[in-house]
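A.B. asks: I'd like to ask you about the structure that follows.
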Amino acid sequence: MIGGVVERVMRAVLLGLSHRRFIGRFAKWMPLSRPIVARFVAGETLESALPALERLRAAGFRTTLDILGESVSSEAAARAAANGYVSAITALEAHRLDVNVSIKLSQMGLGVSPALVRENVARILTAASAAAGFVRIDMENHTTTDATLAVWRELRPLMAGSGDVGVVLQAALRRTPADVEELIAAGGRVRLCKGAYREPASVAFPGKADVDEAYSTIMKRLLDAGTYPALATHDDRIVDEAIAYAREHGIGPDRFEFQMLFGVRRDLQERLLRDGWTVRIYVPMGSQWYPYFMRRLAERPANVVFLATSVLRERRSG
Ligand code: FDA
């Protein structure tokens, strides 16, 4: 009971700290070279992230590349982020890696102007389509859901001839069952996750048990009727439930995939691969890793203990 309250408070504090205004102070104190950060982020540059992508491919995993960055406030930063993705798509193709990228609309200029975000996303989709690749539009907090789905709907025709673009839905949001039906009717590819953002109770379930239950229900609906859904979770219970459901209904590994984050539950990632399931690893890279890293700490406050002990150990030996 007390443990649960402490964990909830820590989670709220860490998500509060994930905002960009804390970035400068923290990044100086916590460089990417620290093992706890390197566990979750593959490298600061594409070049330094390539070995991780190659290792995963050699082991039999699929990958999706995320160039970290969010909530940009200038046109120049948004255009630079889109350029980074276009170059990355070329590099992934040249290295015969999965041409599969995950993008965030707040990084593409969603907060700057509707025209800018569309122009930037269109460039990425056109480049990915030329390589028969796949683009996933990540979902950010609930204030962006409508705009994200609108961009997906409008620009999806750009990939009609080759490749595809999909979206992410969050089980935590009360609106998601309705969105899932719309996506199923449109044949859209959905990644289902629990939801990583702190949301008000008016739009999201505040309790974890309700989120987990919503996840299971929506997951089964997607397995039955979705177009190659991606089940993004590290939750053993849900993963086992998905496998049991798939076996019971004759749904094979070619009909859906599991997705997990780089560095999280590597044991589970490997077990699923060994058992013949399709597993895609979400590989983040780039210098703007701070908000992403804080959300990973918030998901498992025990990570903070690892972080604190590693810092103390370095201080003592330094
Ligand atoms: P849960 O949080 O219940 O964790 C289950 C178990 O997994 C824990 O008990 C622990 O063992 C392990 N675990 C989970 N997180 C861990 C961590 N950080 N470190 C160590 N162990 C951990 N969210 C979003 O809002 N928009 C998005 O677009 C995406 N995209 C996305 C892509 C992919 C591929 C994944 C896997 C996840 C996302 N998410 C996301 C994040 C998602 O919403 C959610 O916050 C995390 O996946 C954690 O939830 P779980 O489903 O893993 O369950």
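Each value in this text was obtained by applying a stated rule to the coordinates, not by laboratory testing. The model shown is predicted, which means the values in this text are computed figures rather than measured ones. Counting neighbours? That spans all protein chains shown, and the Cβs are built from the backbone with ideal geometry, glycine included.
A.B. asks: Return the distance in nm (one decimal) between the two label points of a simple spin-label model at Ser162 and Ser287, each offset 7 Å from Cα along Cα→Cβ.
C.D. replies: That separation, rounded to one decimal, is 3.3 nm.
A.B. asks: Quickly work out the Ala80-to-Asp267 label distance, labels modelled 7 Å from Cα along the C-beta direction, and quote it in nm with one decimal.
C.D. replies: 4.2 nm
A.B. asks: Could you tell me which residue out of Leu97, Gly161, Thr45 lies farthest along the dipole of the chain toward its positive end? Charges go on the beta carbon: Lys and Arg +1, Asp and Glu -1, centred on the Cα centre.
C.D. replies: Thr45
A.B. asks: Still on this model: What list do you get for Phe205, Phe256 if you sort them by fewest beta carbons within 10 Å?
C.D. replies: Phe205, Phe256
A.B. asks: May I ask you to derive the relative contact order of the chain, considering only C-alpha pairs under 8 Å and at least 6 residues apart, and to give it as an integer percent?
C.D. replies: Relative CO of the chain lands at 24 percent.
A.B. asks: For the chain, which DSSP H helices look membrane-span-like by this rule: Cα extent along the axis of 27 Å or more and mean Kyte-Doolittle of at least -1.0?
C.D. replies: Span-like helices, by this rule, are 75-94.
A.B. asks: Let a ≥ b ≥ c be the square roots of the eigenvalues of the Cα gyration tensor of the range 174-267; is it rounded (a/c under 1.5), or, if not, prolate (a/b larger than b/c) or oblate?
C.D. replies: Oblate is the answer for the range 174-267, as a/c is 1.5 or above yet b/c matches or exceeds a/b.
A.B. asks: Once you have the Kirkwood Rh of the range 139-186 from its Cα pairs, apply Stokes-Einstein at 4 °C and 1.567 mPa s and quote D in µm²/s. Intermediate values should be presented prior to the final figure.
C.D. replies: Working: Rh = 11.5 Å.
The calculation lands on 112 µm²/s.
A.B. asks: Once amide H atoms are placed 1.01 Å from N in the peptide plane, what residues at a sequence separation of 5 or more from Leu97, or on another chain, have their amide H within under 5 Å of its amide H?
C.D. replies: none
A.B. asks: If you don't mind, there's one more thing I want to ask. Take every DSSP beta bridge whose two residues both sit in the chain, then give the antiparallel share in percent to the nearest 5.
C.D. replies: 5 percent
A.B. asks: Taking a ≥ b ≥ c as the square roots of the Cα gyration tensor eigenvalues, with a/c under 1.5 meaning rounded and otherwise prolate when a/b beats b/c, else oblate, which class fits the range 112-192?
C.D. replies: Working: a/c = 2.19, a/b = 1.38, b/c = 1.59.
Oblate is the answer for the range 112-192, as a/c is 1.5 or above yet b/c matches or exceeds a/b.
A.B. asks: Going by how many other beta carbons lie within 10 Å of each one, how would you line up Val239, Val167, fewest first?
C.D. replies: On the way: Val239 19, Val167 22.
Fewest-to-most Cβ neighbours within 10 Å comes out as Val239, Val167.
A.B. asks: Excluding Arg55 itself, what net charge comes from residues whose Cβ is under 15 Å from its Cβ, given Lys and Arg +1 and Asp and Glu -1?
C.D. replies: Working: positive: Arg39, Arg57, Arg62, Arg96, Arg266, Arg280; negative: Glu47, Glu54, Asp98, Glu270.
Neighbour charge sum, excluding Arg55 itself: +2.
A.B. asks: Between Arg55 and Asp235, what FRET efficiency comes out of the Förster formula 1/(1 + (r/R0)^6) with R0 = 25 Å and r the beta carbon distance, rounded to 0.05?
C.D. replies: 0.50
A.B. asks: With the cut-off at 1.5 for a/c, could you classify the chain from its C-alpha gyration tensor as rounded, prolate or oblate? Walk me through the intermediate numbers first.
C.D. replies: On the way: a/c = 1.29, a/b = 1.11, b/c = 1.16.
Here the chain falls in the rounded category.
A.B. asks: List the trypsin sites (Lys or Arg not before Pro) within the range 89-176 that DSSP assigns to loop and that have no more than 14 neighbouring Cβ atoms inside 10 Å.
C.D. replies: Passing both the DSSP loop test and the Cβ count: Arg96, Arg175.
A.B. asks: Expected output is a single nm value to one decimal: the length gained when fully extending between Ala185 and Ala244, i.e. 0.36 nm times separation in residues minus the C-alpha distance. What is it?
C.D. replies: Additional length available on full extension: 18.7 nm.
A.B. asks: Mind giving me the FRET efficiency for Asp224 and Arg153? R0 is 22 Å, r the Cβ-Cβ distance, nearest 0.05 is fine.
C.D. replies: 0.45
A.B. asks: Here's a follow-up. Efficiency by 1/(1 + (r/R0)^6): what FRET value for Val305 and Leu17, r their Cβ-Cβ distance, R0 = 25 Å, to the nearest 0.05? Display every interim value, and only then the final one.
C.D. replies: Values: r = 16 Å, r/R0 = 0.65.
It comes to 0.95.
A.B. asks: While we're here: Order by neighbour count: Ser202, Ser287, Ser106, fewest other Cβ atoms within 10 Å first, most last.
C.D. replies: Numbers: Ser202 7, Ser287 14, Ser106 23.
With the sparsest Cβ surroundings first, the list reads Ser202, Ser287, Ser106.
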